[in-house]
Each structure stands twice: as structure tokens, then as C-alpha cells.
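Read the figures in this text as sums done on the coordinates, not as results from a lab. Just so you know, these numbers come straight off a predicted model, no measurement behind them. Heads up, the Cβs are rebuilt from the backbone with ideal geometry, glycines too, and the neighbour counts pull from every protein chain shown.
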Amino acid sequence: MKKRTRARELVLQVLYQLDLQGDDFIPEMGEFIHEEESDPDTANFALKIAKGVVVEIETIDKTIRGVAQNWDLERMAVIDRNILRMAAHELMNLDEIPPKVSINEAIELGKRFSTKNSGAFINGILDRIKTRVAEASVVAEAAVAKGDEDGE
């Protein structure tokens, strides 16, 4: 298994625990990951994503709600919700990871750990988030370019 795939599995476990235990699990995240994974690169990547989701959870959930037509975040399957959170964080905040990789990894996690329909559901939500992130990037670049023109 690839290191980053393994890391994402660990993140999914951490996010699941956070869903069940609440913020009380936050201080235990790092210890849990390092107990479950002996490879430091894998563990560090997992911890980076898990911490990022925790820090950005409100923005991530708002984004998911904004694209999940006719789906209430709290009523989604716990596994699906947390796969979406993890992948949305990657799409929104980790430019070094190609969007296609984040989406494909999320789909595979959904197929492996959730329902038979999870892959298609996750793909649809993440594709909309990817489009929003790309549109926001174009708008930001246009604003910078306009600022450069005005500053000359």
C-alpha cells in the first residue's frame, strides 16, 4: 500500500474518532497516529492532514454544505462525511497535491470502507468543490492582475 493511501486511512480513523468523542480526542490524535504507523513520513503526512481538518473544520463543513444539494451534513454516513472533510481540506488547502489524486483517493476510501454508492456520492461532492476552488483561484488571480495594472 502506498504511504499516502495509508496516511489517509489513518486520517479517516482519526476523524471518525473525533466525530464520536468530540474535541476530547484532539490531544490524542498524534499519539494515535504514531502508535498505528511506524513509518515517520506516513505518520507525519497523516498528522498534517488531520490537524488541517481540525483547524479548518468550520470552513470545510460550510463548503461541503454549499455543494451538497439536498444533503444535510449531519445526516451523511459518518465515513462519507469524514472522507469528504479530508479530501475537501486537501483540495482547498494543499496545492502540492493534485486535485485528481485527492478525489481518486477519497473515492477509493469510500468504496472500501462505506456503502456501494459512496464512491459516486463522494465523487460528485468533491468535483463541485474542485470547481469552486478553481473558480476562486481564477478570481483571485484576476484581482491580483488588476491590482498590478492599477499600481503601474
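Summary of computed values
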read-out: Summed residue charge, Cβ within 13 Å of residue 86's Cβ, Lys/Arg positive, Asp/Glu negative; value: -2
read-out: Farthest positive-ward along the chain dipole, Cα basis, beta-carbon charges - from 104, 34, 117; value: 117
read-out: Order of 38, 102 under a 10 Å beta carbon neighbour criterion, fewest first; value: 38, 102
read-out: Ranked packing of 46-56, 114-124, most packed first, by mean Cβ within 10 Å; value: 46-56, 114-124
read-out: Computed over the chain: relative contact order in percent, which uses C-alpha pairs under 8 Å that are six or more apart; value: 20
read-out: Crossing angle, helix 99-113 versus the chain [Cα axis fit, 0-90 degrees, rounded to tens]; value: 30
read-out: Simple Cβ-charge dipole of the chain, Lys/Arg +1 and Asp/Glu -1, about Cα centre, in debye nearest 20; value: 820
read-out: Fewest-first ranking of 45, 113, using other Cβ atoms within 10 Å as the exposure measure; value: 113, 45
read-out: Degrees separating the helix 3-21 axis from the principal Cα axis of the chain, which is the longest one; value: 80
read-out: Span from the segment 87-103 Cα centroid across to the segment 39-74 one, whole angstrom; value: 11
read-out: Tilt relative to the chain, helix 78-93 - C-alpha long axis, 0 to 90 degrees, to 10; value: 40
read-out: Under 19 Å from the Cα of residue 48 - lysines, other chains or at least 8 residues apart; value: 2, 3
read-out: Residue 34 paired with residue 108, simple spin-label distance in nm, labels 7 Å along Cα-to-beta-carbon; value: 2.8
read-out: Length added when fully stretched, residue 26-residue 93, from 0.36 nm per residue minus Cα-Cα; value: 22.1 nm
read-out: Positive minus negative residues near residue 41 (Lys, Arg vs Asp, Glu; Cβ under 11 Å); value: +2
read-out: Proximal aspartates and glutamates to residue 111, defined as alpha-carbon separation beneath 15 angstrom and excluding residues fewer than eight positions away on the same chain; value: 9, 80
read-out: Estimated [θ] at 222 nm from DSSP helical runs (n ≥ 4, -39500 (n - 2.57)) normalised by residues in the chain, nearest 500; value: -27000 deg cm²/dmol
